[in-house]
Every structure is written in structure tokens, then in C-alpha cells.
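The values are calculated or read from the model by the stated rules, or taken from the named source; none is laboratory data. Just so it is clear, the model here is predicted, and its values are computed rather than measured. Ideal geometry is used to build each Cβ from the backbone, glycine not excepted, and the neighbour counts take in all protein chains shown.
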Amino acid sequence: MPAIPLPALHASHAGTWLREANRDTQSCSKGEAINAAADTPVLMLNAPLVATRLGYPDLSGLDLLELFAFVHPAKFCVPTPKGLAHALDLEEPAGDDAVPELLQRAAGKLLETCESSEWAEREGAWSVLQSLARLRWPWAGVLAPHVAKPERAEKWLFSRLPEWEEVPERPQPAQVNLAEAEVEAQLARLTGEGAEKRDGQRAYAKDVGGVFAPREKRKQPHVLLAQAGTGIGKTLGYLAPASLWADKAQGTVWVSTYTKNLQRQLRGESRRAWPSRRADGSRPVVVRKGRENYLCLLNLEDALQGGFAGRPAVLAQLVARWAAYSADGDMIGGDLPGWLGTLFRKRGITALTDQRGECIYAGCPHYRKCFIERATRASAQADLVIANHALVMINAARGRHHGQPPTRILFDEGHHVFDAADSTFAAALTGQEAIELRRWIIGPEKGNRGRRRGLAARLADVASYDDAGGEAVEAAVEAAQNLPSDGWIARLVEGTPFGPVEALLGQVRALTYARDESGAQDAGYGIETEVASLPGPLIEAAQDAQVALAAIRSPLMTLGGRLEAVLEDAPDWLDGQGRARIEGARHSLRWRIDLLAAWESLLARLGGPADPDFVDWFAVDRNEAREFDIGIHRHWLDPMKPFAHVVLEPAHGVMLTSATLTDRGETGEDWQGAIAASGAPHIELQPKTSSAQSPFDYASRAEVLIVTDIKRGDLAALAGGYARIVEAAGGGVLGLFTAIKRLRAVYGRIADRLARAGLPLYAQHVDPIDTGTLTDIFRDDRKASLLGTDALRDGVDVPGESLRCVVLEAVPWPRPTILHRARRAANGGGAYDDRLIRARLAQAFGRLIRSREDAGHFIVLSSAFPSRLLSAFPPGTPVTRLTLDGALERVAAGPPNADRAKEVAGTLPREETPDI
């Protein structure tokens, strides 16, 4: 099919181009582009991004990404002109001025696909298109002539999805030992014939094999801390013994990661050890995430039947197309395109996932087809479960009450286990959390649309059968009326709180503002104050709130007991689905009862002596001076203490592995911090340690350049420095910032300038694109550069020429929060800060060299970079302090090589770098 005869528009920082139906492409002004789009539907790619470039938020048209999502649901596509061309096997555009013609050809190719007998995703397309036409989707009229009505009526989506089946519980694994020769042979099989023999990888795999040995003492697992430098091949290094043990013992291994990127990588690597399906059709490898990541079929049905209106309703139909072809229903980091939600300004995606507390389990008509239930059951039978740190910890905690917790756990990205535990085992009584509890018990506020129902509606049949249970539900609903409701922040600002919890939060807000000395208040950031020397009225308000919370917890506990009694002496009408629904309700009740107990404990300690195990503070969370939450926070001083009891004690074998487990201080590797951060000392266990050095030649492939003539706080100089570095490198720059505000300011100053030079710039917190997709775009274009914050410091894996230079805008000092102050005081003061900073520097440096062929520069813009932090970089890496002009000369000269490395080492040996 030839190019579709519709006008096409493309806008970048370099300019704007418009191509009429059968004319040449013309450069135009932003105003002309906006007028053209208003006159007639125009083809464009990523309408929100084009709207941002034109400065016209209400821009609309025929977005090729929406058409792609309809024609090829669950298919990967980088949302750029080049990415679209590759996905459709078209020639990529030579420049911005060639993009409009590409859009016309791409539209033609997609419409041609719809007419092809080989269109793999034809099933369901005609029915969805009829619904989209009723919603006045711009593409519906264009598509209609090309999507033929099927001879037979198409099945409703929920009829086409397969059902999961109940299977017997997997028996406990056999107790086996793995011989080193067996592990080495398995590793050779996974790496394949002819693969390079890596001594470090083989030694690493053998060490990991010891984790799977039978446990000798109760609550004393085998614990290994394994540091594996970049390039060791640690993924196959631990999958070799894991797959061997799973086969011999018939048990399940959990591999836990911190980032979704590594989960995707693991899923691919695991295919070397396991087939995609067993002979019986089951999956030996399962990816597990939190419930909030998966599509909820009941939410989708509600959205399709009128729960959504306008643009969100269009999104729901496109998600329905995807759901029929998705491998696992994972909406966040799975095979749903990450850019799909951002096309609709992020509205709708979260409303379609499983929200906290609304699942009705077996009471759902789609229970037997539920993606979440399918993943849960599949993981119970799997040889390998790929999960994340938080989910592993939550599952381990729940396993103490029911079921079997994970017993063989490999924590990849182990340097993040502390942070994950810090979040998992914390408690926070905030307005938003209290509202969530209120909605779970009472139901949504009046006027709020959606299918969420309160406790009474979810358990109506049980309440009518069991009088005591019904009375408990009524009591809980009545007591929950005292929790915060919609409009609570406005009432606090006006000084008219409703109920004891709102009254307490009003006291917390007033005291936090009164005591804040950070300067963040005037800057519009969130503020906090420690819990100390509290005034009498606040303590009295805390006591009243504690009584109100106890009045909710008590009937919930009674209800839990009544539900258990109903299950034990089941009535005739209680079928299998009903039992499952009650079990689900008991599960939801249990963790909310625990939540209320934690809140009561938090309030009980206000005004009393401080507990040395915890750090408590008040906070007012703000975004650009707008308050969005207020509350009381409690974190463990050392969150590895609960981690040790909840995760380590029930386990039989646990490994924490990372390239940056230890602190590379001035005296070399220091294992003490890694051992303390493993939690092992809390159960009086001495873990084994293992270290495999990276095989990469950092001395000849990388340079660390510390630029000394950009003063801290000089925004113009900072922006100019970034622009000149990107220009010198020809793109391929990853810029890491410690503050979103500075990132936005720098981006705003340099994006147009770089675009005019043919160097695209993208940024987190600026472009209406999710982080995963931004990384995909960056990886796909060697001329592109990307600015971001902490998520990119650890979560980016971009080997090759697409990433040739990493630039830090400053030394990544820890934020001076109340929690950090307490931990700093308990862990050596300044030495604790230095360990944190060296770890962050090492992680950031790790983005630069991802393979043997990689080479590049690591630049820190700091006029006063302390020499004691230089040990964060791999031994032998040349480090030079120089001016920006000097750094630009190095970058413009190209990637480092062996000859240049000798030259650098000769001019300024690392050990002679002056301290500043």
C-alpha cells in the first residue's frame, strides 16, 4: 500500500515540519503547525511529546503509536521515527525533515497489515474497532475500510482468555549437595560450546552452589555475600547452580531484583536453563510482581462498560486488545508498551491495575482467568521465580502466617536490599493511607465513580448468615467514619478538621511548619521535623486518635474470627468459590489489622521515651509548594533487623550479590559494612564472602575526569557545561542529577541548542515518557542523550556506542534528612557518608562500561571533589582533575584507548591526585 494521503506533522527541538497529502515537506512555525492540526486530522508520532514541543497541550490528531497499539498489541516498538521504521521494516528517516513522509508510509504499512491474511492479531480487532468508532476514536474512520467483518461473531475478550487450573501442592524439595564439578559442567552447558572460559565466573558459580546445601541448624541458613565485578557473567553464574539444584531437588529458587530491566534480562537468560514450557504445558520460569502491576479484569470490564469516558475509554479498548495477546497481563514493565499510558496523559493505567483492597477474589466473575491468580499458582509450581526485593520480603512475612515462604533466595542487585527492607518494614500514619483504609471499609466517597465496594457490600452474604459477623461489619463501618475523607487537607489548612485522626494530622502539620529550619519550606519542597519535646495538645490528640483506631481494629478482629468460624462450619450455600472469597477477605483483614496495630503502637510512643530501634518524624509532603500528604513516619534504625528474622530465619539458603557490595575504601575492599547490611549478625550468623574481579581493562577503556571550574550553584555554567560535553561527544551522554529542579532547568536551557546540532536530548521528569521507554529511546539512537536522577544511576544497561559518556552534575551527597542523620550518628559519622557516596559513584560508573568493547569518559562536575572518594572507581582507572576546556578536548578526541591511558597516567598518577 502506498503512503496514506493525509497530512503529517513532526516537531522536535530543532524545528517543525509539515507535509501535506501529496506535496513536499515544508518547514513551518509552531503557530502554523498548531493551525494545521486544528483544521484537519494530521498524522503524528507521540502526540503528547509533539504537544510539549509546540507548547500547545490540547493538540490532538492521528497518533501512529495508537494505531500501532491497535494493529500490533503486545509488540515492542521504540516510540521514535527510527524505532517505528525498524518495527515496520521501513527505511529509517535521514533527518527530521524526512519524518512526515515516514509517518505517511508507516500508516500505509499498518493499514496494509490489516488487510493481510497473515495478520496475526486479527482476532477481536473488528469488535474492538466498533467500540472505538462509537467513542469517536480518530483512527476508527480511517481503519474501517481495512478491517473486514469476520464471518463468525468474535468472542468477547473474557471468553477467549484461558482459565488456570488447580494443581496439587508441590512437595518439599529433596536435600541434595551440589558437587563443584557438577556446577562447572552445568555452567559450561549454559554458556555454550566455544564460549570464553572465565575463571572468575566459574569460581563464582561454585561459591553460589554452596548456598543450596542442606541446612544444619534451624534458623541458620547458608548465607553468601558474593561481589561480582561487571563482566563476570554473574547471571549465568548463579543460574547454573540454581537450575541444577531445582532439577535434582525438585524445588523452587527465587531470584530477586531491584529493577525491572534486570527482570527482563533474567527472563531471557533463563531460557538457556529451562524450556519455555514443560511437557505438561506448565511454565518452569515465572515472573512475579506486586498485584498493582497486573491488569485487573474486573476493572477492565467496568471501564469497557461505561466506567471510563472520553480518552480513558479509548485507552481501555486498546488495553483490551493487548490483554488478549499478553503473555502475563503485566502492565508495568511487561509486554504492554510503556508509552501507551503516557499517550493518554497517564490517566487510566493505574485505574486498570489491581488497586489495594478492592480484589474480591473468588467473588469475581473472572477469577479463574485472573492474571494475578495465574502468576501466583504458576510460581508455586515453578523451578525459578523472578521477583523483586519488596515482594520477596512481603511473601516471607506472609509465609510466617500461612503457606510456605521462599527458602532459597538469590538477591541480585544486593546493594539495594537495605533500601527495600527500609521501605517494606516502615510504618506511616498519613492522611492518604488513612483515606485508603476508610474506602476499603466504607466504600468510595459519594460522587466517585468506579466499582470499589465497602466491606459490607463485599461480605453481604456472610453478614446475613452470621449475626455476629454482620454486627462486626457494622461496627467497623461506623468506627471508620472517624477516618479522614476527601477534602481533608483543605480542612486542615482552614483549621476545621473532622474526626480525631484529622485533628492529630492538623497538630502534626502546624508543629512541622513551626519547627522547620531546612529552608525547604520557602523552596516549595516537603518539610519534616523530629518527634521530640511534643506539646501537650498534640499528645492528647494522639491519644484520641489511638482510641479511634482501636475502635476500628477491634471489630475487624472479631470479623476475622467469625469468617474462620464460617469456614470451619460451612453452610450448604458456601461453594468452592465462596470459600476462596472468604479466604481472600481473611487475608485482606489480617494485613489491615496489622496496619492498625502498627499505627496504634506508633501513637502510643508519642510523648514517651524514644525507642532506640526506631526513628520517628513528622512530615508534610509537598510538590512545588502544594501539599499532598501529611503524616507520622517510623523507620527501623537498622531495617536489616526485621529482615533477618522475617527473611533469613525461615530460609535455607540466601545470597546477596552485586558488583558494589563492599566499600572500596582507601585500604581496599571492606566487607564489614556488607556483612552488617546483610542482616546476618542479627541472627548471630557469619556469612561466607566471595569476590570476583571484573575482567574489563578499565585502565585503557575508561577515564574519570573531574571538572574543577564549574562552581556549585552556577546554573548557567552547569547548563553550558552539559551542552558542550554533549556536543563534544556527539551524543551518547547519560547525565545524572541530584535534584529534579536543576535537571529541568538545564534541560530547558540546552535542548533546543542541541537539537539544532542534530543531537536529541531526552529527560526524566520533563518528557511525557516513562523511564523504561526513555531508556529504550536512548539505547536506540547513538546521537541521543538522556538526563535523569537516581533511577537511571542503577537501572540503565546500555552497552555499546549509545552510552559513551556519563556526567554527574555534582558529588551525590546524601540528603540531610532526619532518618539519615540518625543512621549517620549510629554508623560512624562522616565515614558512613563516605561509604554511601562511594557506593553511588561506583554504581554510576558501572553504567559506562557494560562489555569488553565499551569505552568512554566518566565526568564529575565538582570544584571540590574529595580525594578520599576516588577509591570508588575500579583500580587502575585514570583520574584527572582539569578544566572544562581540558575535559572537552579529551571527550572530542574519542573513546580512551591503551596509548591514551598511558599518556593520562603519565601526566597525573592516581595516587598523586591532590586533595581538595
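Does the stretch 264-293 hold any residues that are within 17 Å of ARG374 (Cα to Cα), among the small types (Gly, Ala, Ser) and surrounded by 14 or more Cβ atoms within 10 Å (Cβ to Cβ), and which are they? Before the answer, list the steps.
First pass over the stretch 264-293, keeping only residues within 17 Å of ARG374 (Cα to Cα): 276-278, 280-293.
Next cut, among the small types (Gly, Ala, Ser) only: 276, 281-282, 290.
Scanning the stretch 264-293 gives SER282, GLY290.
For the stretch 852-895, residues that are out of contact with any Gly (no Cβ under 7 Å at 6 or more places or on another chain), more than 18 Å from TYR722 (Cβ to Cβ) and either polar (S, T, N, Q) or not assigned by TED's automatic domain parsing to the domain that holds ALA791 (or both) total 3. Filtered by the rule that a residue be surrounded by fewer than 20 Cβ atoms within 10 Å (Cβ to Cβ) and either free of Cβ contacts under 8 Å to residues at least 60 places away in the same chain or in contact with a Ser or Thr (Cβ under 6 Å, 6 or more places away or on another chain) (or both), the stretch 835-852 gives LEU836, ILE837. For the stretch 634-648, the count of residues that are over 20 Å from PHE418 (Cα atoms) and touching a residue at least 24 places away in the same chain (Cβ under 8 Å) is zero. Identify, from the list ALA240, ALA226, the residue that is closer than 21 Å to ALA382 by Cβ and outside the structural domain of ILE332 (by TED's automatic domain parsing). Criteria check complete, one pass: ALA240.
Could you list, in sequence order, all residues of the stretch 1-40 that are assigned to a strand (DSSP E or B) and of a type in the set (A, V, I, L, M, F, W, C)? Show your work before the answer.
Restricting attention to the stretch 1-40, the residues satisfying the condition of being assigned to a strand (DSSP E or B) are 8-12, 15-19, 25-28.
Result: ALA8, LEU9, ALA11, TRP17, LEU18, CYS28.
Annotation for the stretch 417-439: at least one member residue is surrounded by 21 or more Cβ atoms within 10 Å (Cβ to Cβ), at pLDDT 95 or above and touching a Ser or Thr at 6+ places or on another chain (Cβ under 8 Å). Annotation: GLU269 fulfils all but one of (1) in contact with a helix residue (DSSP H, G or I) (Cβ under 9 Å, 6 or more places away or on another chain); (2) not in a helix (DSSP H, G or I); the unmet one is (2). For the stretch 339-353, the tally of residues that are touching a helix residue (DSSP H, G or I) at 6+ places or on another chain (Cβ under 8 Å) and at pLDDT below 80 stands at 3.
Mind telling me which of the residues ARG509, ARG515, ARG491 ends up being over 29 Å from PRO555 (Cα atoms) and modelled with pLDDT of 95 or more? Outline the logic, then answer.
Details: ARG515 fails: modelled with pLDDT of 95 or more; ARG491 fails: over 29 Å from PRO555 (Cα atoms).
That would be ARG509, the only listed residue that is over 29 Å from PRO555 (Cα atoms) and modelled with pLDDT of 95 or more.
Restricting attention to the stretch 294-308, the residues that are among the small types (Gly, Ala, Ser) and either modelled with pLDDT of 90 or more or crowded, with 23+ Cβ neighbours inside 10 Å (or both) total 1.
Any residue that is within 21 Å of THR424 (Cβ to Cβ), among the hydrophobic types (A, V, I, L, M, F, W, C) and in contact with a Phe, Trp or Tyr (Cβ under 9 Å, 6 or more places away or on another chain) - is there at least one of those in the stretch 572-583?
Within the stretch 572-583, the first condition is being within 21 Å of THR424 (Cβ to Cβ), and the residues that meet it are none.
Looking through the stretch 572-583, none of the residues is within 21 Å of THR424 (Cβ to Cβ), among the hydrophobic types (A, V, I, L, M, F, W, C) and in contact with a Phe, Trp or Tyr (Cβ under 9 Å, 6 or more places away or on another chain).
Only one of THR16, THR25 is among the hydroxyl-bearing types (Ser, Thr, Tyr), in contact with a helix residue (DSSP H, G or I) (Cβ under 9 Å, 6 or more places away or on another chain) and farther than 26 Å from ALA763 by Cβ. Can you tell me which?
Details: THR16 fails: farther than 26 Å from ALA763 by Cβ.
Being among the hydroxyl-bearing types (Ser, Thr, Tyr), in contact with a helix residue (DSSP H, G or I) (Cβ under 9 Å, 6 or more places away or on another chain) and farther than 26 Å from ALA763 by Cβ holds for just one of THR16, THR25, which is THR25.
Quick check, is ALA148 hydrophobic (A, V, I, L, M, F, W, C), over 35 Å from the mean Cα position of the chain (by Cα) and not in a helix (DSSP H, G or I)? For ALA148, the condition - hydrophobic (A, V, I, L, M, F, W, C), over 35 Å from the mean Cα position of the chain (by Cα) and not in a helix (DSSP H, G or I) - is met. Of the strands (runs of 3 or more DSSP E) lying entirely inside the stretch 748-817, those containing at least 1 residues that are in contact with a strand residue (DSSP E or B) (Cβ under 9 Å, 6 or more places away or on another chain), assigned by TED's automatic domain parsing to the domain that holds THR708 and of a type in the set (Val, Ile, Thr) span 805-808.
Yes/no per residue for (1) of a type in the set (Ser, Thr, Tyr); (2) in contact with a Leu (Cβ under 6 Å, 6 or more places away or on another chain); (3) not assigned by TED's automatic domain parsing to the domain that holds ARG756:
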{"site": "ARG23", "(1), (2), (3)": "no, no, yes"}
{"site": "SER27", "(1), (2), (3)": "yes, no, yes"}
{"site": "ALA33", "(1), (2), (3)": "no, yes, yes"}
{"site": "ALA36", "(1), (2), (3)": "no, yes, yes"}
{"site": "THR40", "(1), (2), (3)": "yes, no, yes"}
{"site": "LEU45", "(1), (2), (3)": "no, yes, yes"}
{"site": "LEU62", "(1), (2), (3)": "no, yes, yes"}
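Among strands (runs of 3 or more DSSP E) entirely within the stretch 603-700, having at least 3 residues that are under 30 Å from ALA510 (Cα atoms) singles out 614-623, 626-636. When the stretch 690-735 is limited to residues that are farther than 21 Å from ASN897 by Cβ and among the basic types (Lys, Arg), the one that is surrounded by the fewest Cβ atoms within 10 Å (Cβ to Cβ) turns out to be LYS711. Scanning the stretch 112-129 for residues that are of a type outside the set (Gly, Ala, Ser) and either closer than 25 Å to LYS369 by Cα or assigned to a loop (DSSP other than H, G, I, E, B) (or both) yields GLU118, TRP119, GLU121, ARG122, GLU123, TRP126, VAL128, LEU129.
Do any helices (runs of 4 or more DSSP H) lying entirely in the stretch 284-397 carry at least 1 residues that are among the small types (Gly, Ala, Ser), touching a residue at least 12 places away in the same chain (Cβ under 8 Å) and not assigned by TED's automatic domain parsing to the domain that holds LEU410, and which ones are they? Outline the logic, then answer.
Details: elements: 297-302, 311-323, 338-343, 349-352, 371-381.
In the stretch 284-397, 311-323, 338-343, 349-352, 371-381 are the helices (runs of 4 or more DSSP H) which contain 1 or more residues that are among the small types (Gly, Ala, Ser), touching a residue at least 12 places away in the same chain (Cβ under 8 Å) and not assigned by TED's automatic domain parsing to the domain that holds LEU410.
Do you know which residues across the stretch 599-626 are surrounded by 17 or more Cβ atoms within 10 Å (Cβ to Cβ), closer than 19 Å to ASP638 by Cβ and touching a residue at least 60 places away in the same chain (Cβ under 8 Å)? LEU602, VAL615, ASP616, TRP617, listed by residue number. Among the residues of the stretch 16-51, the ones that are surrounded by fewer than 18 Cβ atoms within 10 Å (Cβ to Cβ) and either at positive phi or basic (Lys, Arg) (or both) come to 2 in all.
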